[in-house]
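So the structure is just underneath, and the comments pick up after that.
The values are calculated or read from the model by the stated rules, or taken from the named source; none is laboratory data. Not measured: the values here are computed from a predicted model. When we count neighbours, we look across all protein chains shown, and the Cβ atoms used for this are built from the backbone with ideal geometry, even at glycine. Accessible surface is based on the protein model in full, side chains and every heavy atom, while ligands, DNA and RNA are left aside. Shrake-Rupley method; radii C 1.70, N 1.55, O 1.52, S 1.80 Å.
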Amino acid sequence: MRLHLKKYNLLITVWVLTLVVTLPSISYVFIKSWETHKGVLANKIDALSDGFNYDINTNLASLNERFPTAQVCDKAVIQVMKQVDYNAKYLTDFAVVHDNQIICTSESGMLTEPITLPKPNWVTAGGVSIILGMPIPLFDGQVTGITAQVGSFLAFLDYQQSESKTDHLWLKYINYGLNKGKKTYSYGDKVFSANGFVELVSGRQWYEDGHWLFSECRGDTECKIIAVDILAYFEAEKTAVIFSAVFLFILMSLMALLGLRLHRWLYSLPRQIRYGMNNQQLELHYQPIIGFVSGEIEGCEVLCRWHTVEGKLIRPDEFIAMVETNRQTRELTELVVSRCIADLQHAELLGKCRVAINAFPDDIASGHILRVFRRQLPIKDYSTFTIELTEQKISDLPALSEGVRQLRMLGFQVAIDDFGTGFSNLEGLRELSVDILKIDKSFVWGAEKPSLKQSLIEHIVNIAKSLQLKIVAEGVETQEQFNFLRSMEVDYSQGYLHSRPVCLSEFANLLNTSATVSSPIVQPG
């Protein structure tokens, strides 16, 4: 369960990181696309504004130069206004203003009733008075427009609707005129209001009411706001949305696969062992050893289990090879010895019960395990520990023999573990001069029936007795096996028939229910 949670947590983390990186990137791509559309529209608006300004300065202002004191409309004035109207692209229906009233226009001639002008909505820095929503005389006031007035002449802004409209429904704009920092609507999407546009700053971008907005100003005369309706954009540009969704799905799928691979690598057993050799992940179990004669618990063997981060207990035969590959045998041995001594002290069993601990050949040959015991174990308790030598990869038999000799000289006892699976020659046994021989469980299983295994056990027992060694049978699981081994005068039995490996507290309970420990597995000497 913990493994799955870690896996899901890792996947969620990978996905979140993917979104954190990808979504801003996708947003950036969209914003850059919007900037491109904004640039096209801005150029169109600028061209429109330039056209207005050109006509105002070139055509409207020129009338004041030709008729500086125009008070009445005569044929000459109307004729000139018609010529200017024809030449102008963005202005139309030129008019004469007298006493704040329109008295004649280029289209309607002299008006029967002059039209009073309202107060200008704003006046540009150049002195051009702008009126928004001014009734157009040509249409009897039923249609309104924007007027620009310079001196005694006025004209209505006239431009093709296509020039002022955007190419996309989701793209909006509004143009403001500026006078002394005050902004006034000029033209554009009048229903659209950019409330966030409080600073006259060019090049600003921000989000407001479902719109992504851009601001651009031309000096201190006008500013325009271009807005992208985000929801309308995605509804209109389905291809871009589908592409982004597919891209995000593929990317997240790839990241999920990467996350799974990363999880397998991070939590692989070899890596856990390499970087997690500590007491938190090491768990010791204790398996009782029973005397055939007494029928009581004579001691125990310490068996280590690797507690993985996902909560699974791994047996030594599954991780010892990895420890050897990582060259962490000394580290593991020191952890097991230290943890065992601390556990026994805490349970008040240190020195009261024989304990067998497995050791790598190099730990004994190099003197490493002896140095560990000397640092942590009182001398008086040496004789209660048996060092079980595994038969794997013995490269320097003389050095190993000397290490065994030193251990025995100090009171430790030494056993050959899993005898029969490694070097099982008589010369090796004689040179090592150990105290105990442990018969591997592979020989015990099935030995209750007449078979080759029975013959092999008889042979092993004969070797042990010839060398005056005590014998421990491992892996005893049935009463028939126990009876056969007892008949062979094997000294001790260890296996599931008596007990599985248990934690130290359970082992202490087993000791309490058994008779008082009467003798060690092997008598000193």
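Condition (residue is in contact (Cβ under 8 Å) with a residue 40 or more places away in the chain, touching an Asp or Glu at 6+ places or on another chain (Cβ under 9 Å) and part of a strand (DSSP E or B)) applied to the stretch 365-388: is it met by at least one residue? Looking through the stretch 365-388, at least one residue is in contact (Cβ under 8 Å) with a residue 40 or more places away in the chain, touching an Asp or Glu at 6+ places or on another chain (Cβ under 9 Å) and part of a strand (DSSP E or B). Just to be sure, is E431 surrounded by 13 or more Cβ atoms within 10 Å (Cβ to Cβ) and either touching a Phe, Trp or Tyr at 6+ places or on another chain (Cβ under 6 Å) or at pLDDT below 90 (or both)? In short, yes. Under the condition of being over 26 Å from L178 (Cβ atoms), among the hydrophobic types (A, V, I, L, M, F, W, C) and free of Cβ contacts under 8 Å to residues at least 40 places away in the same chain, the residues counted in the stretch 129-149 number 2. Scanning the stretch 61-73 for residues that are surrounded by 13 or more Cβ atoms within 10 Å (Cβ to Cβ) and closer than 19 Å to N100 by Cα returns A61, L63, N64, F67, A70, C73. Would you call D396 at pLDDT below 95 and over 20 Å from I463 (Cβ atoms)? Here the answer is yes, as D396 does meet what is asked. Is it the case that I436 is of a type in the set (A, V, I, L, M, F, W, C), modelled with pLDDT under 90 and crowded, with 17+ Cβ neighbours inside 10 Å? No, not satisfied. Any residue at all in the stretch 110-128 that is in contact (Cβ under 8 Å) with a residue 24 or more places away in the chain and in contact with a Phe, Trp or Tyr (Cβ under 6 Å, 6 or more places away or on another chain)? The answer is no, given that none of the residues of the stretch 110-128 is in contact (Cβ under 8 Å) with a residue 24 or more places away in the chain and in contact with a Phe, Trp or Tyr (Cβ under 6 Å, 6 or more places away or on another chain). Take the conditions (1) open to solvent by 30 Å² or more (accessible area, probe 1.4 Å); (2) at pLDDT 90 or above; (3) not in a helix (DSSP H, G or I); (4) not β-branched (V, I, T); S499 misses just one of them, which is (1).
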